[in-house]
1. Out of Tyr181, Tyr154, which single residue is touching a residue at least 12 places away in the same chain (Cβ under 8 Å) and within 25 Å of Leu77 (Cβ to Cβ)?
2. The conditions are (1) without any contact (Cβ under 8 Å) to a residue 60 or more places away in the chain; (2) out of contact with any strand residue (DSSP E or B) (no Cβ under 7 Å at 6 or more places or on another chain); (3) of a type in the set (D, E, K, R), and Lys293 fails exactly one of them. Which is it?
3. Residue under question is Lys456, and the condition is that it be under 18 Å from Gly514 (Cα atoms) and either surrounded by fewer than 20 Cβ atoms within 10 Å (Cβ to Cβ) or touching a residue at least 60 places away in the same chain (Cβ under 8 Å) (or both); does it hold?
4. If I ask for residues that are touching a strand residue (DSSP E or B) at 6+ places or on another chain (Cβ under 8 Å), under 24 Å from Gly346 (Cβ atoms) and surrounded by fewer than 24 Cβ atoms within 10 Å (Cβ to Cβ), which ones from the stretch 384-416 would you list?
5. Do we have Gly97 as out of contact with any strand residue (DSSP E or B) (no Cβ under 8 Å at 6 or more places or on another chain), in a loop (DSSP other than H, G, I, E, B) and within 27 Å of Phe176 (Cβ to Cβ) here?
6. Mind checking whether some residue in the stretch 465-472 is buried (at least 20 other Cβ atoms within 10 Å of the Cβ), out of contact with any Leu (no Cβ under 7 Å at 6 or more places or on another chain) and closer than 15 Å to Thr396 by Cα?
7. Here are Thr202, Thr145: which of them is among the polar types (S, T, N, Q), under 24 Å from Leu261 (Cα atoms), assigned by TED's automatic domain parsing to the domain that holds Val13 and not in a loop (DSSP other than H, G, I, E, B)?
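The values are calculated or read from the model by the stated rules, or taken from the named source; none is laboratory data. The model shown is predicted, which means the values in this text are computed figures rather than measured ones. Cβ coordinates were reconstructed from backbone atoms using ideal geometry, including for glycine residues, and neighbour counts include every protein chain displayed.
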Amino acid sequence: MAKQKNKKYIFVVGGVMSSVGKGVASSSIGKIIQSKGYRVTNIKCDMYVNIDAGTIRPAEHGEVFVGEDGVEADQDLGNYERFTNQISTHDNYITTGQVYQEVIRRERNLEYDGEDVEVVPDVPKEIIRRIESCQKKNDAEVVITEFGGTVGEYQVLLFLEAARMMKLKSPKDVFFVLVSYLPTPALLGEQKSKPTQYAIRTLNSAGIMPDFVFCRADEPAAENIKRTISMVCSLPISRIVSSPNVASIYDVPVVYEQEHLGRELMKTLGLKARRSNIQDWIAFSRKIQKLDKKVKIGIVGKYFNFKSCRDTYISVIESINHAAWYNDRAPEIIWLDSEKYEHNPGELKELSELNGIIVPGGFGKRGTEGMIMAAKYARENKIPYFGLCLGMQIATIEFARNVAGCQGANSEEMDPGTKHPVIHIMEEQKKFMAKGNYGATMRLGAYNCNLVKGSKAFNAYGQEKISERHRHRYEFNNNYREVLEKAGLKVVGVNPEKNLVEIVELANHPFYIGTQFHPEFKSRPMNPHPLFREFIAAAVKQSKK
């Protein structure tokens, strides 16, 4: 395969409003360019002064996605991985905080050779350096960089300036996609392009012309709307791409290809398609649209009060989707606030209507007693149960209290003075917390795990050695391992380097597994995570009873 001479850079920016779908658009662009035979990498630039997303509340900002090397990043990196199957690391996530931190570090170390350090051009230059570094480390032929927020926000200006400087230096290798919203006022009943026109003008004021405009709307963009936008930004109408609402985010690349986006991308970037291979994705999209038999999964959590549940638990939701579709079922997800069980235990009866129960990750005491009650109900009533991180700890606490005879067992996170700390904090984590050092100090990223042969977990993976991603401070207390195993809670996965318990399960149950890691970060649309796959398979069996 002939090597591409110049690397190509695509910047994806938003117009009109946030949450317009830039992340899915960026992921879909990456998927389509991959299907043409080119290596891609995706970058997310967030405007926050935070160094990473690890200290931001998920209920307000959305899930914290963990990369292979432990980066705590925006949820969009999860979509990048799910669409392109590329592994995310620190290089794929850039924040304003990181950029300023590095500029100040270099200034303090006299790395600017005595020159005065200015916001422009030194901050944009650091942004450019990080983007180009990511390209080199991933050996990418096309880099797709998404800017958080919208073009009219003050905090995005330095990132736009970095992109403009790259365009000035290499005009044939840098391109811009504007993802903008077309509202349809209910009283008028027709799409309006004026907000998008304003977004285009705002982008122009930063010295940038869009090469593509993606028209996000409830319905496909009308032809007269496309013509108007085409005229405003002096683009061929073929580069005004309709992006209507769809049933699944995995339909988006298919919709884009119906708009001939792949062909237009190749032409605009000055590339020749090495192949054209997206048929598997199209077939997958068609399959999931036809599924009508359902499997009902309850998520018992506590982050339901602020932003949408979808953003807070997006990787869990997508993992359920992947596994359900694999098992030829349409997933029906029921959101269950664990706190209501604490106030009214009679509400637990609603769990009997579920085919499976998931207790996802989380922090803090609130709602955990309700989760423990749900885990007990699932154990006693043989309902498939899958505990993720906190959910594994919940299962351990419940079993210790109600089966192993450890009255009052708890996690030190919930009750520092518990007589039976079956979940405790590691010594190294104690040191971090004593100093108030919370950012990027948890057990983060990929760790090895050895599985016990013959266990449900081993049978799901089909191999003895695995690697999974973590994000937590508290661990299974090995001092209780013997008593819990004798009572029937089997430890079937252990980290060999630190002898840390990674997976517990019950043998005499259709499916009762808890993982200290987050398997949801590694699930893919056409390759669901093994544990989610088997959990849903057990739930499907439950639905037939």
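1. It is Tyr181.
2. (2)
3. Judged against the criteria, Lys456 is a match.
4. Once the filter is applied, which keeps residues that are touching a strand residue (DSSP E or B) at 6+ places or on another chain (Cβ under 8 Å), under 24 Å from Gly346 (Cβ atoms) and surrounded by fewer than 24 Cβ atoms within 10 Å (Cβ to Cβ), the stretch 384-416 yields only Val403.
5. So Gly97 does not fit the description; no.
6. Taking every residue of the stretch 465-472 in turn, none turns out to be buried (at least 20 other Cβ atoms within 10 Å of the Cβ), out of contact with any Leu (no Cβ under 7 Å at 6 or more places or on another chain) and closer than 15 Å to Thr396 by Cα.
7. Thr145
Conditions (1) in contact with a Leu (Cβ under 9 Å, 6 or more places away or on another chain); (2) within 13 Å of Lys7 (Cα to Cα); (3) among the acidic types (Asp, Glu); (4) not assigned by TED's automatic domain parsing to the domain that holds Asn85, marked per residue:
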position	(1), (2), (3), (4)
Glu102	no, no, yes, yes
Arg105	no, no, no, yes
Leu110	no, no, no, yes
Asp113	no, no, yes, yes
Asp116	no, no, yes, yes
Ile131	no, yes, no, no
Gln135	no, yes, no, no
Asp139	no, yes, yes, no
